[in-house]
1. Working only within segment 1-57, note down all residues that are among the basic types (K, R), farther than 20 Å from L80 by Cβ and either touching a residue at least 40 places away in the same chain (Cβ under 8 Å) or touching a Gly at 6+ places or on another chain (Cβ under 8 Å) (or both).
2. Say we look at segment 68-102 and pick out the residues that are of a type in the set (A, V, I, L, M, F, W, C) and assigned to a loop (DSSP other than H, G, I, E, B); which of these is surrounded by the fewest Cβ atoms within 10 Å (Cβ to Cβ)?
3. Could you grab me the full set of residues in segment 119-137 that are surrounded by 18 or more Cβ atoms within 10 Å (Cβ to Cβ) and either among the acidic types (D, E) or under 15 Å from the mean Cα position of the chain (by Cα) (or both)?
4. Among strands (runs of 3 or more DSSP E) lying entirely in segment 206-289, which contain 3 or more residues that are under 16 Å from the mean Cα position of the chain (by Cα)?
5. If you go through segment 221-255, how many residues are out of contact with any Gly (no Cβ under 7 Å at 6 or more places or on another chain), buried (at least 16 other Cβ atoms within 10 Å of the Cβ) and under 25 Å from I133 (Cα atoms)?
6. Checking the conditions here, which among V105, V61 is outside any loop (DSSP other than H, G, I, E, B), over 21 Å from I218 (Cα atoms) and not small (G, A, S)?
7. Against the condition of a type in the set (K, R), touching a strand residue (DSSP E or B) at 6+ places or on another chain (Cβ under 8 Å) and either modelled with pLDDT under 95 or in the same structural domain as W142 (by TED's automatic domain parsing) (or both), how does K104 come out, does it pass?
8. Could you please find all residues in segment 38-58 being of a type outside the set (S, T, N, Q), assigned to a loop (DSSP other than H, G, I, E, B) and surrounded by fewer than 17 Cβ atoms within 10 Å (Cβ to Cβ)?
Amino acid sequence: MVYLIPTSTTEHLIEGIKARENKLRIIFPEKNREGRGCFPDGEIYMKISRAGRIKKKRVIVLHSGSPKPNQGLIELELILQILRDNSIKPEVFFTYFPYGMQDKVFEKGETNVAENLIEKLVNYYRVKKIYIIDPHFGGQKWVKKYPIKSISLAPLLIKRTEKDIGKDILFLSPDEGGVRRTGFSGIKKERLDSFRVKYFSPKLRLKRKTIGVVDDIIETGGTVLSFYNILKKAGAEKVILLASHGVLPSGISRVKKKFFKTYLANTIKQKSANVDITDLVLKVMLNQE
């Protein structure tokens, strides 16, 4: 039996999990005496009264790093501390990993936030395994030091796209990181700021083609919109976006106005999400994938 503890950021997936699986039991963190998950000043309250009864059991904490990444991390750490206090070594499943883009020291005086968080989970909270859907830091060397299992949503997104649009689609990545994550061709870019990127004069011939852009994160939408413009100038007839994580509603709205069709997974609770990850999450958690 698998015991699943969801944080508040993944409650939108729980009904689907309940409907599909009877091989796990869901333990919801309990509210305080006022029936709330936080105190009037905003501090998080956490209680898992059944923690002492699930020792030596397989326990998985399901968490999404958005929305409210900082508040979410406090909630996650309180759950893990309760488990640690009860000598439970859990697993953690991130549908979206927070701070994943700060995955190395870019400038003097910074720190590698992504690795710091992973190291803390493993060495202090004694997390046995960490599952992450399309982590932005997938290519960094330090990742190999930790028990991380990276899960790609590209096959799921492509299957849904081809079901709706057809199989005559050329799939591309908008940058070198995407090439590493998906294996699809891409072009070199330079990020100018949070909203703008610069691409280096790619020679593309895409007249009358349907292009599927496979990306991991939509925040402001700057990267994929710049790539969209390049594809259209190269002659692409239709440009479709396939994305794993929709972080900012404003960015999602920007890209939806441009792309012929947008497929967005519900790794983060967003109204625009139209690809459900529940079955994939269950397969991974139950060691079926």
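The values are calculated or read from the model by the stated rules, or taken from the named source; none is laboratory data. These numbers come from a predicted model, not from an experiment. Don't worry about glycine lacking a Cβ; one is built from the backbone with ideal geometry, like all the others, and counts go over all protein chains shown.
1. R20, K23
2. Per the criteria, the residue is M101.
3. Listed by number, the residues that qualify are I130, Y131, I132, I133, D134, P135, H136, F137.
4. Answer list for segment 206-289: 210-218, 238-246.
5. Matching residues across segment 221-255 total 15.
6. Unique residue meeting the criteria: V61.
7. no
8. Correct list: F39, P40, D41, G42, E43, Y45, K47, R50, K55, K56, K57.
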